[in-house]
Amino acid sequence: MLSKPLMTVHEVAAVLRISEETVREWIHAKDLRAIRFGREWRVAVRDLESFLNARANREPSNG
């Protein structure tokens, strides 16, 4: 069913070495897509990857 697991706010924060509050701010600002389960949020790995890729610095092309 799911190709990749869902991560908790705590897990996202731990992987990125940031605060859980920062992750929640991204979710509430709708910058980071998340699913609410009761009072908890879950982030799909693919959504976290998309979020990070959209914010990655790009090397200038040499062409």
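The values are calculated or read from the model by the stated rules, or taken from the named source; none is laboratory data. All of these numbers come straight from a predicted model, not from anything done at the bench. Using ideal geometry, Cβ is built from the backbone for each residue, glycine included, and neighbour counts are taken over all protein chains shown.
Look at the range 17-30 and say how many of its residues are in a loop (DSSP other than H, G, I, E, B) and closer than 18 Å to Leu6 by Cβ.
So the answer is 1.
Somewhere in the range 5-14, is a residue at pLDDT below 95 and either in a loop (DSSP other than H, G, I, E, B) or not basic (Lys, Arg) (or both)?
Within the range 5-14, one or more residues are at pLDDT below 95 and either in a loop (DSSP other than H, G, I, E, B) or not basic (Lys, Arg) (or both).
In the range 1-24, how many residues are closer than 14 Å to Arg55 by Cβ and loosely packed, with under 15 Cβ neighbours inside 10 Å?
Within the range 1-24, residues that are closer than 14 Å to Arg55 by Cβ and loosely packed, with under 15 Cβ neighbours inside 10 Å number 3.
Consider the range 36-49. How many of its residues are part of a loop (DSSP other than H, G, I, E, B) and surrounded by 11 or more Cβ atoms within 10 Å (Cβ to Cβ)?
0
Which of the residues belonging to the range 20-43 are under 12 Å from Thr8 (Cβ atoms) and among the aliphatic types (A, V, I, L, M)?
Hits for the range 20-43 are Val23, Ile27, Ala34, Ile35, Val43.
Is it the case that the range 50-63 has a residue that's among the charged types (D, E, K, R), modelled with pLDDT under 95 and outside any loop (DSSP other than H, G, I, E, B)?
Yes, because at least one residue in the range 50-63 is among the charged types (D, E, K, R), modelled with pLDDT under 95 and outside any loop (DSSP other than H, G, I, E, B).
On the basis of being modelled with pLDDT under 95 and assigned to a loop (DSSP other than H, G, I, E, B), does Arg33 make the cut?
No; evaluated as a whole, the condition is false for this residue.
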